[in-house]
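Single-structure report; data block below.
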Amino acid sequence: MRVGTVAAVVGVTFLVTAALVIAQGVPAGPEGASTPQGPCEPRAALESPPADGRPLRGIVPVGGWAVDLASPAGTGVTEVHIYLDGYGIEPGHTFIGRAEYGASRVDLAQQFNDARFAPSAFSLSWDASTAGAGAHTLVVLYRTRCGWASLTQTVLVDGPTIVLNIDSPPQGSPVSAPVRIEGWAADPQAPQGT
C-alpha cells in the first residue's frame, strides 16, 4: 500500500471543488425546500451515463432532462446540480458541478403536449477518474419553485483505486479565506510502497 500526501492533481481538483461549493453554497436539498408556491410536479430523468452497469472511465457525459409539470410558466426548473455520493452536509459527497440547463428536447414538448417543456435538457462533463474505483451514486438536484427535487443513479467506476480523505476542515463546517486543507491519500492496490 502506498500512502503519501495528496497529489497535486487531486489537490487541485479538491480545492476547485471546495471553492465552487463555498462560492455557490450547498443546496439544502429536498428536506430544506422553500415554502411551496402552489402544487409542484417535478419530473426528471438521468439518461447519461446509461444505467446498464458498464464501468465508467475518463470523461463521462452526465445528462438528461428536468421539468415541473405544474409550473405556470416555462419548464419550472431554474438550475441543476450534480453530486457524487450524496449532497449538502452529508459526509463524503463531492460536488461535481452545475449542469448547463435549457437545451432543446422537442420530444419532451411532444410527450407532455406543451412547447414550454422543450428547453429542459441538462448536461455536464464529469471526469470519472476523480472518483475511486467501485460503485458510486450520482445525485441530480434540480430546483423548482417548490425547492430542490432529486434523483439518483448507481454507477460503477473503473478508475484509480486511490482513497482520499479530507480531515480538516470538517465536512459542512463554515470556512473563510484562507483555508488550510489537511488529509491523506492512499492506493490500496499499489504493488509496493509504504
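The values are calculated or read from the model by the stated rules, or taken from the named source; none is laboratory data. Owing to the predicted nature of the structure, the values given are computational and were not obtained by experimental measurement. As a convention, Cβ positions derive from the backbone with ideal geometry for all residues, glycine included, and neighbour counts pool all protein chains shown. Note: accessible area is taken over every heavy atom of the protein model, side chains too, but ligands, DNA and RNA are not part of it. Shrake-Rupley method; radii C 1.70, N 1.55, O 1.52, S 1.80 Å.
Net charge near THR137: determine it from the other residues with C-beta under 11 Å of the C-beta of THR137, scoring Lys and Arg +1 and Asp and Glu -1.
Within the 11 Å Cβ shell, the charges total -2.
With a 1.4 Å probe and every protein chain kept in, tell me what percent of the accessible surface of the range 54-194 is carbon plus sulfur.
Roughly 53 percent of what the probe reaches on the range 54-194 is carbon or sulfur.
If you project the alpha carbons of the range 65-194 onto the principal axes, what extent comes out on each, in Å, largest first?
61, 35, 19
How many Å² of accessible area per residue for the range 52-108, probe 1.4 Å?
Details: 2620 Å² over 57 residues.
Ligands and nucleic acids excluded, the figure is 46 Å² per residue.
Treating the beta-carbon of each Lys and Arg as +1 and of each Asp and Glu as -1, no other charges, what is the dipole magnitude of the range 89-169 about its Cα centre, to the nearest 20 debye?
380
Quick one: which residues, 5 or more positions from LEU69 or on another chain, have an amide H under 5 Å from its amide H? H modelled 1.01 Å from N in the peptide plane, none for Pro or chain starts.
Under 5 Å from the amide H of LEU69: GLU41, ARG43.
Which order, highest average first, do 133-143, 48-58, 113-123 follow once you tally other Cβ atoms within 10 Å for each residue and take the mean per peptide? All intermediate terms of the calculation are to be shown ahead of the outcome.
Values: 133-143: 20.1, 48-58: 12.4, 113-123: 18.2.
So the peptides 133-143, 48-58, 113-123, ranked by packing, come out 133-143, 113-123, 48-58.
How large is the translational diffusion coefficient of the range 32-134 in µm² per second when you combine the Kirkwood radius over alpha carbon pairs with Stokes-Einstein at 10 °C and 1.306 mPa s?
Translational diffusion coefficient: 105 µm²/s.
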